[in-house]
1. Return only the number of the condition from (1) within 13 Å of chain A (Cβ to nearest Cβ); (2) out of contact with any strand residue (DSSP E or B) (no Cβ under 6 Å at 6 or more places or on another chain); (3) surrounded by 16 or more Cβ atoms within 10 Å (Cβ to Cβ) that residue B:6 does not satisfy.
2. Could you identify the single residue in A:91, A:104 that is within 22 Å of residue A:149 (Cα to Cα), away from chain B (no Cβ under 11 Å) and without any contact (Cβ under 8 Å) to a residue 24 or more places away in the chain?
3. At least 2 residues that are under 11 Å from the mean Cα position of the chain (by Cα) in each: list the helices (runs of 4 or more DSSP H) lying fully within segment B:103-170 that qualify.
4. Quick test for you: out of B:52, B:84, pick the one residue that is facing another protein chain (nearest Cβ under 9 Å) and modelled with pLDDT of 95 or more.
5. Please pick out the residue among B:112, B:101 that is within 14 Å of chain A (Cβ to nearest Cβ), out of contact with any helix residue (DSSP H, G or I) (no Cβ under 7 Å at 6 or more places or on another chain) and crowded, with 24+ Cβ neighbours inside 10 Å.
6. Could you check how many residues of segment A:132-166 are assigned to a loop (DSSP other than H, G, I, E, B) and either closer than 27 Å to residue B:78 by Cα or touching a residue at least 60 places away in the same chain (Cβ under 8 Å) (or both)?
7. Of A:96, A:72, which residue is at pLDDT 95 or above, surrounded by fewer than 21 Cβ atoms within 10 Å (Cβ to Cβ), in contact with a helix residue (DSSP H, G or I) (Cβ under 8 Å, 6 or more places away or on another chain) and assigned to a helix (DSSP H, G or I)?
């Protein structure tokens, strides 16, 4: 089988839109999203899967985009923090709660945390604090001390329940 | 840091993957990537070619084969975590898997990847050792199986030839009524364990322990079965003094030292964790 280190086209869906870019095999997905697709909301921290800043959803489940090659994303549906808010005028309930409760200071870790929490709330609309903390254990935040992140996650869960309740 | 330049192939079948491994020098199998990608980014690993097995559906399964549960090498840790089959038949594996990294890494990390990475602290190799797992290996030349006890060839080095890959693992569930426990100690939840203990035991009709498995992870170059400690519990009613004797034998393990943790500390953890794990397993066992 022929192999090559040369860049090759990668076709994938990002935040619901079909996208295409070029990626050499060594390029990880986070750098592809940022450099090739110009989606700089996904942050690159430790590049070995520990800090969680680059967390995105791959086919609906959270994953470290620094631990996945861009070429592995072929055909996948990626969701990044840019895909959370419905439009530029309205924040996602998670973002709204983070804003209201001061759940970020420098904001570097925030995109990854938002993606993990959006996965959690999609699967479990009413998580308890322990569950939220378990999800957050996969993220490093050096500013907040996490208390306000936990509070914001729980408030966002409530906001989403209320919104979806009204929708029904 | 960034990964070194590397070739990449994504075979669609096991046969194709095995041909790649046979035909390309210094190739490395890329499964979930939760260790290998980090090693590439940190330039600890310099393969010439990555053989990505993520697109080979025949390698991802959890299969009830009666006496054994067979798990495909590409089966995600997440799928083990949420499997009813694992919960019901291999409860110690489920208990251990909750300690593997974080949700975000279990979503991609695989059973086969963890076994082949063979980190001495890793939970899945420790459970494979505790359950006397059989590992199934394939190459273009054929297939073979080997016992988990024979799998570690050295520190983080599985006994695999360059053209071979792990394709699955068979674990034998213990009888209903057995007790189990997996405990580990790490600085933070999700970190690598400094030490861990996996215990399975069963009582015979005379209310004495008639089957017992005690494994320590993290203390040595690979997970290690504590045969003497098992012998110390066998045939006893597992009273406090018996537990203490078995735990003391675990505490005498030949433990490794590193820059962060001295061997004596691992030994103390081994004693305490094994004592607690035995106690927990006893609580769950039917006498």
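1. Unmet condition: (2).
2. Only one candidate qualifies: A:91.
3. Filter on segment B:103-170 gives B:111-117, B:123-130.
4. B:52
5. Within the list B:112, B:101, the selection yields B:101.
6. Counting residues in segment A:132-166 that are assigned to a loop (DSSP other than H, G, I, E, B) and either closer than 27 Å to residue B:78 by Cα or touching a residue at least 60 places away in the same chain (Cβ under 8 Å) (or both) gives 6.
7. Answer to the check: A:96.
Here is a yes/no grid of residues against (1) surrounded by fewer than 23 Cβ atoms within 10 Å (Cβ to Cβ); (2) facing chain B (nearest Cβ under 10 Å):
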| site | (1), (2) |
| --- | --- |
| A:17 | yes, no |
| A:24 | yes, yes |
| A:50 | yes, yes |
| A:58 | yes, yes |
| A:63 | no, yes |
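The values are calculated or read from the model by the stated rules, or taken from the named source; none is laboratory data. These figures come from a predicted structure and were not determined experimentally. Positions of Cβ are generated from backbone atoms using ideal geometry, with glycine treated the same way; all protein chains shown enter the neighbour counts.
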